[in-house]
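One structure is given below, encoded as structure tokens.
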Amino acid sequence: MRVLFSIFPGAAHLYPVVPLARALLGAGHEVRVASHPEMTDAITAAGLMAVVVGAPVDVPTLVQASAADARLDRVADMLDIAPGDPGNRRNVIRYYMLAGFSLYHPAQVPAGERTATDDLVDFARAWQPDLVLWDPLSFAAPIAARAAGAAHARVLWGLDYFGWMRSSANRRLWQPGSDPLAEAAQPTLERHGQDVTEEALLGQWSIDLMPARMRLTDEVRYLPVRRVPYTGAAPVPDWLYGPAERPRVCLTLGVSTRKMFAEEAGFPLSELLEMADGQDLELVATLDRDQLASVRRIPDNVRTIDYLPLDLLLPTTSAIVHHGSVGTFGVAAAHRVPQLITPVEGGDGVVVARYLEERGAGLATETGEFTAQELQKLLTRLLQEPSFRAGADALYADALATPSPNDVVPALEELTALHRRRRG
């Protein structure tokens with residue numbers, strides 16, 4: 001069968017689906033990956049065929065524009081979430097999920113102007129995929145799938161905030177016939193001869209790469225799949241050939257968000273590096289030049305490198321310190337590495353950190369509030385107390401009990417046959 005992936009423009013959105021795309025290729029299926037122009041190199045570097053749709057996307061600008069979108073204000077206002085919600089659901093939905101929604105369901109499309117949705121629909125009609133698998137922020141994909149008669153499903157690389165929002169517990173806040181998301185999506189759907197359905201917002205089912213215990217709702221049909229790490233490709237540096245001479249600790253802020261969290265944004269990078277000062281360990285920090293410019297001092301036992309795939313680094317490490325993204329958490333869990341999370345403001349790191357501590361696989365600080373001395377104490381515990389390694393082993397065992405991308409291919413074949421529209 002033919003399978004089309006549709007990806008929101010960001011490496012952190014592509015990397016989680018690469019193993020599934022490769023599994024489908026290995027089973028003899030044709031695969032294409034559609035995204036915006038800036039993603040072409042990353043897609044082809046993963047050995048996949050890229051389809052370019054739309055124009056480049058400046059995500060920060062998109063988020064700002066979404067925040068000013070009056071259509072979506074009603075959604076945020078209707079969510080029954082206290083402003084201090086520890087899961088940060090209000091901010092993630094308002095400034096992240098709805099930003100993706102506004103990209104593919106714009107308030108206005110000037111006459112004669114083409115959109116990414118138009119490009120994706122045209123490609124789908126021409127290529128005729130049997131199955132469309134889409135990023136939870138790629139809301140053009142269900143429109144393209146329906147235009148081509150294909151089955152379609154979301155691929156959830158993170159917590160399903162959108163599914164939670166659409167669940168009955170929250171839809172009851174909206175009066176019948178007054179669904180702000182459906183109203184916002186209607187003009188785009190009508191342009192392509194379609195009507196608003198729940199499938200146009202949530203897919204026919206959802207492939208879930210997250211641990212089942214972290215699900216936010218039980219009202220969505222999920223197909224669980226093990227998260228197999230892929231974090232890009234790079235040559236292996238010679239200092240990674242053998243085992244580390246002393247405990248090695250990784251410090252990373254991820255591939256998509258690390259540029260957003262400098263000290264002036266309230267995230268104390270200097271403290272993160274100074275926690276290694278005088279300690280019997282090697283800290284490998286994946287920080288770029290702009291981030292390092294804000295750092296007061298780099299201790300002698302800190303190795304800085306602009307970027308290194310975690311798949312290369314983590315097998316040699318004894319612990320990882322990161323900001324709490326679901327992607328970094330998942331890669332660390334797959335390599336059985338104990339984790340120290342320092343959540344950043346505005347993300348879902350608080351939820352991830354809480355789950356990590358509940359499973360005994362690591363420790364966490366308060367959001368952006370820590371000193372180098374406090375970090376040293378937490379890191380010492382993480383490296384010396386065997387319970388954290390046992391917790392990390394338990395997370396790994398959970399993953400092994402979940403079907404791998406190869407295992408799930410037959411289920412996708414069956415679901416595709418069930419849901420796609422008959423042709424000819």
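General observations
- Residues that are touching a Phe, Trp or Tyr at 6+ places or on another chain (Cβ under 9 Å) and within 18 Å of D135 (Cα to Cα), drawn from region 218-231: V220, R221, Y222, L223, R227, P229, Y230, T231
- Candidates in region 289-317 are the residues that are of a type in the set (D, E) and within 23 Å of the chain's Cα centre (by Cα); of these, the one that is nearest to L273 (Cα to Cα) is D306.
- Flag for L253 being at pLDDT below 90 and either touching a His at 6+ places or on another chain (Cβ under 8 Å) or within 22 Å of A21 (Cβ to Cβ) (or both): yes
- Where V351 falls short, out of the listed (1) open to solvent by 20 Å² or more (accessible area, probe 1.4 Å); (2) out of contact with any Pro (no Cβ under 9 Å at 6 or more places or on another chain): (2)
- Per-region count, region 274-296, residues at pLDDT below 90, open to solvent by 10 Å² or more (accessible area, probe 1.4 Å) and part of a loop (DSSP other than H, G, I, E, B): 4
- Selection of region 1-33 for residues being touching a Leu at 6+ places or on another chain (Cβ under 6 Å) and open to solvent by less than 40 Å² (accessible area, probe 1.4 Å) yields V3, F5, I7, F8, P16, A21, V31, V33.
- The set of residues in region 297-329 that are open to solvent by 20 Å² or more (accessible area, probe 1.4 Å) and among the polar types (S, T, N, Q) comprises T304, T316, S318, S325.
- Some residue of region 193-201 being in a helix (DSSP H, G or I), surrounded by fewer than 17 Cβ atoms within 10 Å (Cβ to Cβ) and under 24 Å from the mean Cα position of the chain (by Cα): yes
- Looking across V33, V17, V52, V57, one residue alone is more than 19 Å from the chain's Cα centre (by Cα), at pLDDT 80 or above and closer than 23 Å to D119 by Cβ. It is V52.
- Scope region 213-238; condition without any contact (Cβ under 8 Å) to a residue 40 or more places away in the chain and either touching a Cys at 6+ places or on another chain (Cβ under 8 Å) or part of a helix (DSSP H, G or I) (or both); matching residues: D238
- Residues in region 134-156 that are assigned to a helix (DSSP H, G or I) and not aliphatic (A, V, I, L, M): 2 in all.
- Options R359, R389, R381; residue that is over 26 Å from R246 (Cβ atoms), modelled with pLDDT of 95 or more and open to solvent by 20 Å² or more (accessible area, probe 1.4 Å): R359
- Matching residues in region 392-406 - criterion: being open to solvent by 70 Å² or more (accessible area, probe 1.4 Å) and in contact (Cβ under 8 Å) with a residue 12 or more places away in the chain: L400, N406
- Criterion: under 26 Å from the mean Cα position of the chain (by Cα) and not in a helix (DSSP H, G or I) - qualifying residue of T416, T402: T402
The values are calculated or read from the model by the stated rules, or taken from the named source; none is laboratory data. In this text, all values refer to a predicted model and were calculated from it rather than measured experimentally. Cβ coordinates were reconstructed from backbone atoms using ideal geometry, including for glycine residues, and neighbour counts include every protein chain displayed. All accessible areas refer to the heavy atoms of the entire protein, side chains included, with ligands and DNA or RNA removed. Shrake-Rupley method; radii C 1.70, N 1.55, O 1.52, S 1.80 Å.
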